[in-house]
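Structure record follows, encoded as structure tokens.
Read-outs throughout are calculated quantities, based only on the coordinates presented, and are distinct from any laboratory measurement. These figures come from a predicted structure and were not determined experimentally. Positions of Cβ are backbone-derived with ideal geometry, glycine not excepted, and every protein chain shown enters the neighbour counts.
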Amino acid sequence: MSTLALRGGPQSVTADPGDMFTWPIITDEDEQACLDVLRRGGMSGTDVTEEFEREFAEWHGMPYCVAQSTGTGALQAAMWALGVRIGDEVIGPSLTYWASVLPAWSLGASIVFCDIEPHSMCLDPVDLEKRITPRTKVIIPVHYCGYPCDMDAIMAIAAKHGIKVLEDVSHAHGAEYKGRLLGTIGDCAAMSVMSGKALPVGEGGFVLTRDKEVWERVQAWGLYERTSRLETPELKQFAGLPWGGYKYRMHQLSSAVGRVQLRHYRARMVEIQKAMNYFWDLLEGVPGVRAHRPPTGSGSHCGGWYACHGLYVPEELDDLPIGWFCRAVTAEGVSCGPGANMPLHLHPLFHDADVYGHGKPTAIANADRDLRAGKGDLPVTEAMPGRCYWTPWFKHYRPEIIEQYANAYRKAAEHAGEIREHFLGLGETPPEVSMGSAGLFLRR
């Protein structure tokens with residue numbers, strides 16, 4: 001490999017990427033779908049949204065689907081529909097966007113954080129089972145950055161203890177676990193489909209389930225105009241108003257765009273997978289660099305690869321700090337930074353905030369013990385900011401361009417010693433990686 005760009009050598013990436021990273025892909029078809037809604041004044045209706053629900057459910061082979069205004073709303077409605085109430089506990093990862101778990105507080109429940117597996121950055125089933133108590137109502141596995149959780153183990157633990165499972169599929173549209181679409185394995189699934197996601201809609205969310213009563217409860221919670229259709233006796237007697245006091249319907253411009261995007265998504269997803277897997281195949285065996293993807297031949301894959309990351313093994317690079325590694329990659333012409341979401345269990349909101357005026361922190365207001373996790377309680381989660389980094393999210397399979405990006409990472413890894421010498425020669429000390437270095441940008 002030639003001299004590092006960091007030290008005056010040529011950059012690895014010289015090609016114009018063109019539309020390689022353009023997302024979402026918006027065509028005349030998307031625009032016309034929006035214009036049709038606008039011109040007939042149907043923005044606040046439900047007809048297009050209900051068509052979108054049917055198509056989304058059909059794709060997943062699920063009988064019931066409810067569109068929501070946001071993924072956050074979908075998660076809250078799903079928790080309530082699964083029976084989360086005052087004094088209950090939900091278990092989820094700390095390494096995720098806040099919406100995966102925080103809506104539990106609005107239901108009077110408490111949040112118990114669980115550690116993750118280092119290879120998947122998803123819930124560790126062993127640590128999960130240790131945190132179950134008689135108050136545990138729902139487990140929330142998050143398919144983080146598209147990587148499928150170990151759903152066989154999680155579902156077995158849930159069945160053993162009589163607990164519901166709510167999949168958070170916000171990062172993993174179209175991803176599969178052992179040949180099964182994510183969102184079809186747990187008791188219920190919720191997800192975001194905002195414009196930056198792999199399945200880009202604009203703003204919105206979905207709840208998927210096989211349970212008719214759960215489906216009806218999601219509608220009762222925040223879709224007042226549908227309550228007259230409900231058949232569950234407990235819900236039917238209160239028709240006309242939403243139980244949660246929320247209006248969570250998806251805007252029909254989002255629904256219109258979403259229907260078009262869904263028609264093209266599977267083909268676009270296959271193209272993304274081909275490109276991303278080629279990128280990682282090129283880096284196979286490079287020291288210090290690991291793909292964040294399921295093993296080949298496992299029947300599992302990352303879907304549209306939203307928020308794609310790589311794993312960093314500093315021990316193989318003489319403990320080169322990840323910040324210096326990423327700066328060297330960036331100098332080669334690739335935007336690269338360390339970290340992922342901020343570990344939630346270390347944020348002061350989950351320690352000190354009294355959101356509802358209980359006179360004590362909300363984290364423990366409805367709990368029977370102090371559930372707050374501190375530094376050192378989730379060691380794998382806390383180590384991840386120094387063990388993962390952002391990678392390009394290729395939307396097209398263009399080998400000659402992808403090869404240049406892969407070479408940037410390979411070049412940095414193979415010149416780790418020189419990178420260290422460069423920064424030490426500048427008088428720099430090894431940088432600390434902030435817990436929220438990529439922080440709150442993996443949005444719902």
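For the reader, a short list of remarks on this structure follows.
- Leading residue by the ranking (nearest to THR49 (Cα to Cα)) among those in the range 221-243 that are touching a residue at least 24 places away in the same chain (Cβ under 8 Å) and buried (at least 20 other Cβ atoms within 10 Å of the Cβ): LEU223
- Residues (among the hydrophobic types (A, V, I, L, M, F, W, C) and more than 22 Å from ASP47 (Cβ to Cβ)) located in the range 195-225: ALA198, VAL214
- Residue in the range 45-52 that is touching a residue at least 40 places away in the same chain (Cβ under 8 Å), touching a strand residue (DSSP E or B) at 6+ places or on another chain (Cβ under 7 Å), over 30 Å from ARG410 (Cβ atoms) and surrounded by 19 or more Cβ atoms within 10 Å (Cβ to Cβ) present: yes
- Qualifying residue in the range 58-75 (condition: surrounded by fewer than 22 Cβ atoms within 10 Å (Cβ to Cβ), more than 30 Å from GLY310 (Cα to Cα) and without any contact (Cβ under 8 Å) to a residue 24 or more places away in the chain): yes
- Taking residues in the range 385-406 that are under 13 Å from LEU282 (Cα atoms), and partners anywhere that are not hydrophobic (A, V, I, L, M, F, W, C), the pairs with Cβ atoms closer than 7 Å and at least 6 places apart or on different chains are PRO399/TYR278; ILE401/PRO17; ILE402/TYR278; GLN404/SER12; GLN404/THR14; TYR405/PRO392.
- Elements of the type helices (runs of 4 or more DSSP H) sitting completely within the range 332-399 and holding at least 2 residues that are among the β-branched types (Val, Ile, Thr): these cover 362-365, 379-383.
- Selection of the range 241-271 for residues being in contact with a strand residue (DSSP E or B) (Cβ under 8 Å, 6 or more places away or on another chain) and among the polar types (S, T, N, Q) yields SER254, SER255.
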